[in-house]
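Chemist: Structure provided below as structure tokens; questions to follow.
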Amino acid sequence: MSIVFYIISGLSVAGALAAVLLKNTVHCALALTIAFAGVALMFLELDAQFAGFAQILIYIGAVAILVVFAILLTRGSETPKDTVYSRKPVVGLVTAAGIFAMLGWAVLRSQQFLPGSGGTPTATPPVTVMDIGNALMGRYVLPLEIVALLLTAALIGAVIVAMHEKESAK
Amino acid sequence: MNPLTGYLLVAALLFAIGLAGALTRRNAILVLIGIELMLNAANLNLIAFWRYGPHPEALTGMMFAIFSIAVAAAEAAVGLGLVISIHRHAHTTDLDAMNRMKG
């Protein structure tokens, strides 16, 4: 494990923790951006340049901005007076900790069966953006079209759901 | 430590943090943030298995991750649109206050 991996993973985990723990909602959205950037750096570290830059463009450029817009439109930046947590936060915490313990146990137990466990670094996969484009337009063209349809439907649906209603409809 | 194991552990930690956020916060937007973190952890798993798997040139994990990112973007747009719509009706984003389906 390289020192870069530890720095990047620490950054993303710290960003994620801040995103779910901070009281001010706007601060949560900004911490979420740090977590997204950390995951994007991990993609780049894993030689997945296309996915890394797609992550930066879509998550930091679109999703985080959308979250900030939603927070400001709903006046969610006003911290509630009593508490920001639900009535029984312990149940959620115990569930999350249990799932993390189970996943970590499974990963550590299956360590010797995972690929690349010989200790030798595997070669960088010979994949360029052109290969990804060819695969998207060749073997994966049907999923691509379905995703295009889904994005169009989601765009229209989000606009219709969030659209102002006419006064006469009330 | 095996590099793949490290990435899988970080992904599991991110998933657990996102799940804790989605289960314990009362603001609906914070719950959506937790869901986005969980989706990111799943994407990290897909990319890590693609990188260290036996056939990275087949691009299977990469394609899964790209389509998953696109679906997550659509989900975020619709989810935040719903939150804004609910806020317009009920003037709250508190999930405990959303206890009826009628507008």
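Chemist: For the stretch B:43-65, how many residues meet the condition of being open to solvent by 50 Å² or more (accessible area, probe 1.4 Å) and part of a helix (DSSP H, G or I)?
Modeler: So the answer is 6.
Chemist: Can you confirm whether A:T25 is within 26 Å of B:R88 (Cβ to Cβ), among the hydroxyl-bearing types (S, T, Y) and in contact (Cβ under 8 Å) with a residue 24 or more places away in the chain? Before the answer, list the steps.
Modeler: Numbers: within 26 Å of B:R88 (Cβ to Cβ): yes; among the hydroxyl-bearing types (S, T, Y): yes; in contact (Cβ under 8 Å) with a residue 24 or more places away in the chain: yes.
Yes, satisfied.
Chemist: Looking only at the stretch B:8-34, which residues are over 24 Å from B:L82 (Cα atoms) and either among the small types (G, A, S) or open to solvent by less than 10 Å² (accessible area, probe 1.4 Å) (or both)?
Modeler: Result: B:A11, B:A12, B:L14, B:A16.
Chemist: I've got another one for you. So is B:I17 part of a helix (DSSP H, G or I), of a type in the set (A, V, I, L, M, F, W, C), within 22 Å of A:I58 (Cα to Cα) and in contact with a strand residue (DSSP E or B) (Cβ under 9 Å, 6 or more places away or on another chain) or not?
Modeler: On the way: part of a helix (DSSP H, G or I): yes; of a type in the set (A, V, I, L, M, F, W, C): yes; within 22 Å of A:I58 (Cα to Cα): yes; in contact with a strand residue (DSSP E or B) (Cβ under 9 Å, 6 or more places away or on another chain): no.
Answer is no for this residue.
The values are calculated or read from the model by the stated rules, or taken from the named source; none is laboratory data. Since the structure is predicted, the reported quantities are computational estimates derived from the model, not experimental observations. Don't worry about glycine lacking a Cβ; one is built from the backbone with ideal geometry, like all the others, and counts go over all protein chains shown. Side chains are part of the model used for accessible areas, which takes the heavy atoms of the whole protein and leaves out ligands, DNA and RNA. Shrake-Rupley method; radii C 1.70, N 1.55, O 1.52, S 1.80 Å.
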